[in-house]
Amino acid sequence: MSNMQKGLAEFIGTFWLVFGGCGSAVLAAAFPDVGIGLLGVSLAFGLTVVTMAYAIGHISGCHLNPAVTVGLWAGGRFAARDIPLYVVAQVLGAIVAAFLLWHVAEGSTAFDLATKGLAQNGYGANGGSPGGYDLTSALIIEILLTAVFLWIIMGSTDGRAPAGFAPLAIGLGLTLIHLISIPVTNTSVNPARSTGLALVVGGLALQQLWLFWVAPLIGGAVGGWLYRTIGADTFPKPNIEGN
């Protein structure tokens, strides 16, 4: 696959993750009488990954997340030279999705960006934490869950794992991560997702964005390195970049 093909695949995949996952939170989570709630939003994020893993996994590896890209590099599954291409494509996809979601949401008279937001990430009682969790809680949960997410990705795509089931394991893993951490940070584990929404919402979401780059990147690198160190076998593993 060419770099253009890989970049476009990551752009489209990340667009779908942000528009589908955050769209479910903004448009459907609290819809009167039939809202999908926290469980539905968590499942929506998982479904975006499952669907795109089958759709573009053979093109780019379906990272959709700078922390995943860095984590796979730390785990020995991805070349450092390709990191900038993937990260730029992912961030651009998230930004376009966030702006389009904003315009769709504004079509309702009940929507107000200042009060309802776009499911942006944050911490603190006056920030974007639904449960009012502080910076320390946000930092711990984002590092830990991103590390576990990378462990799931590395393990399910290992040559020894059952073939064909990786997208389901990864999607269900992301669903569980959201079930755990939506109350804490609105769940990031993905710097691109956080960046797209913060650029639209601005204010505190933009001021707190640093954490949603630092923590997931640390967690991703730790998770990838741990799997490479503890779970690795002697025979080669698949290179998760669509080749």
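Here are the numbers for the structure shown:
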| item | result |
| --- | --- |
| Checklist (1) buried (at least 17 other Cβ atoms within 10 Å of the Cβ); (2) not in a helix (DSSP H, G or I) applied to Pro162, failing item | (1) |
| Test: residue in region 8-18 that is crowded, with 18+ Cβ neighbours inside 10 Å, at pLDDT 95 or above and within 19 Å of Leu179 (Cα to Cα) | yes |
| Residue count for region 134-159, restricted to those that are surrounded by fewer than 17 Cβ atoms within 10 Å (Cβ to Cβ) and free of Cβ contacts under 8 Å to residues at least 24 places away in the same chain | 3 |
| Test: residue in region 24-41 that is part of a helix (DSSP H, G or I), at negative phi and over 18 Å from the mean Cα position of the chain (by Cα) | yes |
| Some residue of region 174-187 being surrounded by 20 or more Cβ atoms within 10 Å (Cβ to Cβ), farther than 25 Å from Ile36 by Cα and among the small types (Gly, Ala, Ser) | no |
| Residue count for region 87-128, restricted to those that are part of a loop (DSSP other than H, G, I, E, B), farther than 19 Å from Val184 by Cβ and among the hydrophobic types (A, V, I, L, M, F, W, C) | 2 |
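The rows are residues; the columns are (1) closer than 22 Å to Ile59 by Cβ; (2) at pLDDT 95 or above.
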{"residue": "Arg160", "(1), (2)": "no, no"}
{"residue": "Gly173", "(1), (2)": "yes, yes"}
{"residue": "Thr185", "(1), (2)": "no, yes"}
{"residue": "Ala192", "(1), (2)": "yes, yes"}
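The values are calculated or read from the model by the stated rules, or taken from the named source; none is laboratory data. What you are looking at is a predicted structure, and each value in this text was computed from that prediction instead of being measured. Positions of Cβ are generated from backbone atoms using ideal geometry, with glycine treated the same way; all protein chains shown enter the neighbour counts.
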